[in-house]
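To start, the structure itself, in structure tokens.
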Amino acid sequence: APWTPTRALRKRKSYFKRCGHIMETLEREHMKELAKERAIVPFRPGDVVKLTLEVPENNRRTQTFTGICIAKRHRGMGSSFTLRSAIGNLVVERSFPLFTPNIKAMEVVERRKVRRAKLYYLRDK
């Protein structure tokens, strides 16, 4: 079956916990389906990531964005990450949802060793 049968779900004491568990289960199954369509590359903050994006506002043309990952949010389907790119004096910081259909390809160019989960200190450098 494309969903988890009700008998296989664990019983929850309150209505809100039951609904929350069902929503988590549906979200997990949806994330598995999306992972089959496009492989999600494991990366961490500190890695230099190259993204190939499809821009809907620009007649679906592709665009590449390369930057260092300074933050990653783990929120299930709402997961996102922030890339920072600096070319000369121009600094661009963009945040992307992890499970967006606009990301066509993701590649880790370089892995850097960092000791923080959020690299916001790079903004001051």
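Has the range 46-61 got at least one residue that is loosely packed, with under 11 Cβ neighbours inside 10 Å, closer than 30 Å to Lys125 by Cα and modelled with pLDDT of 90 or more? No; the residues of the range 46-61 include none that is loosely packed, with under 11 Cβ neighbours inside 10 Å, closer than 30 Å to Lys125 by Cα and modelled with pLDDT of 90 or more. Ser80: small (Gly, Ala, Ser) and either touching a His at 6+ places or on another chain (Cβ under 8 Å) or closer than 22 Å to Ala35 by Cα (or both), yes or no? Yes, satisfied. Reported count of residues in the range 69-125, each being open to solvent by less than 60 Å² (accessible area, probe 1.4 Å), β-branched (Val, Ile, Thr), in contact (Cβ under 8 Å) with a residue 24 or more places away in the chain and touching a Ser or Thr at 6+ places or on another chain (Cβ under 8 Å), is 3. Restricting the range 1-26 to residues that are within 28 Å of the chain's Cα centre (by Cα) and open to solvent by less than 70 Å² (accessible area, probe 1.4 Å) leaves a set whose member that is modelled with the highest pLDDT is Thr25.
The values are calculated or read from the model by the stated rules, or taken from the named source; none is laboratory data. Keep in mind the model is a prediction, meaning the values are calculated, not measured. Glycine gets a Cβ as well: all are built from the backbone with ideal geometry, and neighbour counts include every protein chain shown. Quick note on the areas: whole protein, heavy atoms, side chains included, nothing else; ligands and nucleic acids left out. Shrake-Rupley method; radii C 1.70, N 1.55, O 1.52, S 1.80 Å.
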